[in-house]
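Notes follow the structure.
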Amino acid sequence: MQSVVGSIRNLNWSYRDKPLFTNVSTDFPSGAFISIIGPNGSGKTTLLRHFLRILPSPKGTIILPDGDLQDYQQIDLAKHISYVPQQSRLEYDFTVYECIAMGRYAHGGRFSTLTNDDHLLITKAMEAMELTQLEKRLATELSGGEYQRMLIARALAQQSSVILLDEPVSHLDVHNQREILSLLRCLVEQKITTVVCVLHDLNAVSAFSDLVIMMDSGKIVAEGSVEEVLTKERIEEVYKVSVELHYTSPSKPPLVMPKWR
Ligand code: ADP
């Protein structure tokens, strides 16, 4: 049986009296690039927030490798999961190096001094995200793409088994989108971490994912490979837009072309 970094079992959730999830279940297999997709408001962020214990979920509904999420100590949870939130910017004068170093506090505690090993891991995370030249730059002075790479480097320095990312490239130009998703894909291929990523661009999903989880109105409506999930009929039904799929070669995933007019 394939190992998983986490499973969700029959999760129910309402915001106040408005039900969103009814018996939602899924598995996040380890060593995969997993994309969570679906229209705005379909529940993608809420699913991540449950997985991070930001929202409460009953015991028995979220199971991690060492047991129930509710039984995890915060420090152990931080060693298992790191998080890159939706477009958030620090407005403090920390350098890139200092921001990435925050990922190490999950291991040593907030007020501990960094060890040589910590510095080595921070340096490696900076290298992996191509930030070495920027280590002394203030985080407030980075471009959108550089900033996003810094957040991923911080997550990497945390050495978690899985990184959750909520729309990490939505606000970036296509070059930076490709750059960041390629770097994340490399982390998966090098077996450094599992990636669970909320994405909107279906062509990026098609190019980078091993597993796609499609949500609509609080339900998981499809999960599987790119070819299994991204069918013309399903995309049209869920996104309410006409699309054409183009296959450039039998070995390559399809291109999704919305009909704009
Ligand atoms: P997505 O990430 O797919 O855009 P969300 O998980 O953010 O979707 O939201 C799912 C639904 O839950 C939406 O209808 C949204 O309005 C609602 N929702 C999200 N956060 C809250 C909240 N804090 N209070 C009330 N309703 C919320």
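Where a number appears in this text, it was derived from the coordinates with a stated rule and is not lab data. Quick caveat, the model's predicted, so the values are computed rather than measured. As a convention, Cβ positions derive from the backbone with ideal geometry for all residues, glycine included, and neighbour counts pool all protein chains shown.
Worth pointing out:
- Fewest neighbouring Cβ atoms within 10 Å first, the residues Lys44, Lys219 line up as Lys219, Lys44.
- Count Lys and Arg as plus one, Asp and Glu as minus one, and take only other residues whose Cβ is under 9 Å from that of Tyr72; the net charge is then -3.
- The calculated FRET efficiency for Arg234 paired with Arg53, based on their beta-carbon distance and R0 = 25 Å, is about 0.20.
- Cα gyration tensor category, rounded, prolate or oblate, for the chain with a/c compared to 1.5: oblate
- Segment 91-145: Cα Rg divided by the 2.2 N^0.38 Å rule of thumb: 1.12
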